[in-house]
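So the structure is just underneath, and the comments pick up after that.
The values are calculated or read from the model by the stated rules, or taken from the named source; none is laboratory data. Keep in mind that this is a model prediction, so the values were computed, not measured. Using ideal geometry, Cβ is built from the backbone for each residue, glycine included, and neighbour counts are taken over all protein chains shown.
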Amino acid sequence: MLIDVDRIPEEGLKISKDFEFFSEDLIEENAVFLKPVHVEATVKKLSEELLIQGKITTRLNFVCCRCLTPFEFPVDSRFDLVYLPEELEVAKEQLEQDDMDRLFFYKRHVDMKEVILEQLNLTFPMRTLCSQGCQGICPVCGKLIEEGKCSCTAKESDLRLEKLKIFLRDKS
């Protein structure tokens, strides 16, 4: 959905739309959409700046990175963005802190689908966990630790001593 900056009415543009994305578009590899991404947004032009405020709602299916169990992840996120025209973008060799918050639109257009996808990806947690208390699986047999202890004994070794073990083994 391309928005022509010059055609935005003075009172702003209201958007209420469902967006369809492919799971491959997401930064989370094992994520699957359970329902379309719904967006409620307003786009306003303030002199040369473009103000985009909105809310994203959807439901995704993730896989827990500890126990490998699928779980639902609801998204209900708000965003507030300010875009500047490309003419105001100054080529610099090194970015400063203030430059990190600046967004630019090019050729007098903003692609709302890209904006929504970026904001959706920013809502994802660093590690997808089914719950904060998830203990994962046994590294030997793969049984869920939450279901009870297994009879496996994991041989733990100090990683700092691995080189010494290799050295002593090769010396013999």
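Taking into account only those residues within segment 129-166 that are part of a helix (DSSP H, G or I) and surrounded by fewer than 10 Cβ atoms within 10 Å (Cβ to Cβ), which is farthest from the chain's Cα centre (by Cα)?
Top of the filtered list is 163.
Which is modelled with pLDDT under 85 and of a type in the set (S, T, N, Q), of 119, 94?
94
Could you please tell me which pairs satisfy a Cβ distance under 7 Å, a separation of 6+ or placement on different chains, a first residue in segment 22-34 that is assigned to a loop (DSSP other than H, G, I, E, B), and a second residue that is of a type in the set (Val, Ile, Thr)?
Taking only residues 6 or more apart or on different chains, the pairs are 28/128; 30/63.
Which residues, taken from segment 35-56, are touching a residue at least 40 places away in the same chain (Cβ under 8 Å) and closer than 16 Å to residue 124 by Cα?
Across segment 35-56, the qualifying residues are 37, 56.
Of the residues in segment 29-58, how many are surrounded by 16 or more Cβ atoms within 10 Å (Cβ to Cβ) and either among the aliphatic types (A, V, I, L, M) or at pLDDT below 85 (or both)?
Selection size over segment 29-58: 8.
Being closer than 29 Å to residue 67 by Cβ and modelled with pLDDT of 75 or more is true for just one of 124, 167, 79. Which residue is that?
Unique residue meeting the criteria: 124.
Take the residues in segment 1-20 that are in contact (Cβ under 8 Å) with a residue 60 or more places away in the chain and closer than 12 Å to residue 38 by Cβ; name whichever of them is farthest from the chain's Cα centre (by Cα).
Among those that are in contact (Cβ under 8 Å) with a residue 60 or more places away in the chain and closer than 12 Å to residue 38 by Cβ, it is 15.
Scan segment 118-128 for residues that are buried (at least 18 other Cβ atoms within 10 Å of the Cβ) and either touching a Gly at 6+ places or on another chain (Cβ under 9 Å) or of a type outside the set (Ser, Thr, Tyr) (or both) and report the count.
The total comes to 2.
Could you please find all residues in segment 3-21 being assigned to a loop (DSSP other than H, G, I, E, B) and over 19 Å from residue 76 (Cα atoms)?
Hits for segment 3-21 are 8, 9, 10, 11, 12.
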